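Below is one structure, written out as structure tokens, with a few remarks after it.
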Amino acid sequence: MLTTRARLRAGEKVLVVGASGGVAVAAAAIARHLGARVFVTSRSEAKRKRALELGAEAAFDSTDFSKAVRDATDGGVDVVVEHVGPATLAESMRSATIGGRIVTCGSTSGVKAEITMPRLFWGQLDLLGSTMGNASEFESVLKAIDEGLRPVVDRVYPLAEVEAALTRLDAAEQFGKVVLSVS
């Protein structure tokens with residue numbers, strides 16, 4: 001997603017929206033590993049603090065974050081990882097610099113979003129969809145793991161406690177991956 005769809009390069013600025021779930025935490029870690037400057041948003045002060053501890057340059061409240069992002073980045077970010085959807089898409093678009101790329105891989109806040117067309121074309125923004133990746137991206141992740149990249153695991157549940165794991169996810173209490181153990 002970051003290298004293939006968003007064409008992320010070292011030194012670029014990346015905003016990860018809603019940076020406490022497994023995909024978002026992984027995206028922030030991969031972006032840092034690739035040499036990007038990472039910025040995040042979260043509704044939770046504790047999760048913003050955790051993101052800073054893991055190397056984010058700045059963390060913003062998820063409400064009306066675009067001005068703070070533009071101020072902190074001298075005009076906006078090059079790439080936005082947007083997986084929340086309608087609730088944050090407009091702010092994500094306003095957070096991007098001219099020619100920025102917004103890559104979306106989810107829609108946790110709903111499936112239909114409004115787009116302000118002038119912001120899209122005057123901003124020369126690329127709005128990109130992404131899914132799970134391909135074999136080449138998987139190989140790149142394995143290489144990054146060999147180089148020291150590690151997943152952030154929030155909690156491991158035995159398979160028998162799948163309901164508790166799902167409850168944690170539904171309540172958005174996690175920071176990182178929630179894992180089910182089958183052993």
To the nearest 20 debye, the chain has a Cα-centred charge dipole, built from +1 on Lys and Arg Cβ and -1 on Asp and Glu Cβ, of 240
Two pseudo-spin positions, 7 Å from Cα along C-beta at Val182 and at Leu169, lie apart in nanometres by 1.5
Amide H contacts under 5 Å for Leu127, restricted to residues at least 5 apart in sequence or on another chain and with H modeled in the peptide plane, are Ile102
Cross-link reach from Lys177 to aspartates and glutamates, straight Cα distance under 16 Å and at least 8 residues apart if same chain, gives Asp154, Glu161, Glu163
Within the set Val17, Val38, Val141, GNM on the chain using Cα springs under 10 Å gives the largest fluctuation to Val141
Any residue on another chain or 5+ positions along whose placed amide H is under 5 Å from the amide H of Phe60 is listed here as Val40, Thr41, Ser42
Calculated from DSSP helices alone, with each H run of at least 4 adding -39500 (n - 2.57) and the total divided by the residues of the chain, [θ]222 nm to the nearest 500 comes to -9500 deg cm²/dmol
Rounded to the nearest 10 degrees, the helix 135-146 long axis (Cα) sits at an angle to the longest Cα principal axis of the chain of 70
Where a ≥ b ≥ c are root eigenvalues of the Cα gyration tensor, a/c under 1.5 meaning rounded, otherwise prolate if a/b exceeds b/c and oblate otherwise, the stretch 94-139 counts as oblate
In a Gaussian network model of the chain with springs linking alpha carbons closer than 10 Å, the residue among Gly11, Gly110, Gly21 that fluctuates most is Gly110
Of Ser62, Ser136, Ser42, the most mobile residue in a GNM of the chain (C-alpha springs, cutoff 10 Å) is Ser136
Calc'd 3J(HN,Hα), the stretch 101-117, phi into Karplus 6.51 cos²θ - 1.76 cosθ + 1.60 (θ = phi - 60°), Hz, glycine/Pro = x, comes to 10, 10, 10, 10, 9, x, 7, 5, 9, x, 10, 10, 10, 8, 10, 7, 4
HN-Hα couplings for the stretch 62-74 via Karplus (6.51, -1.76, 1.60; θ = phi - 60°), in whole Hz with x for Gly/Pro, come out as 6, 8, 6, 8, 4, 5, 4, 5, 4, 5, 6, 10, 6
Distance in Å, no decimals, from the C-alpha centre of the stretch 5-27 to the one of the stretch 95-135 is 13
HN-Hα couplings for the stretch 153-160 via Karplus (6.51, -1.76, 1.60; θ = phi - 60°), in whole Hz with x for Gly/Pro, come out as 9, 6, 7, 10, 10, x, 3, 5
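Each value in this text was obtained by applying a stated rule to the coordinates, not by laboratory testing. Here the structure is a predicted model, which means the values were calculated and not measured. Every residue, glycine among them, receives a Cβ derived from its backbone with ideal geometry; neighbour counts consider all protein chains shown.
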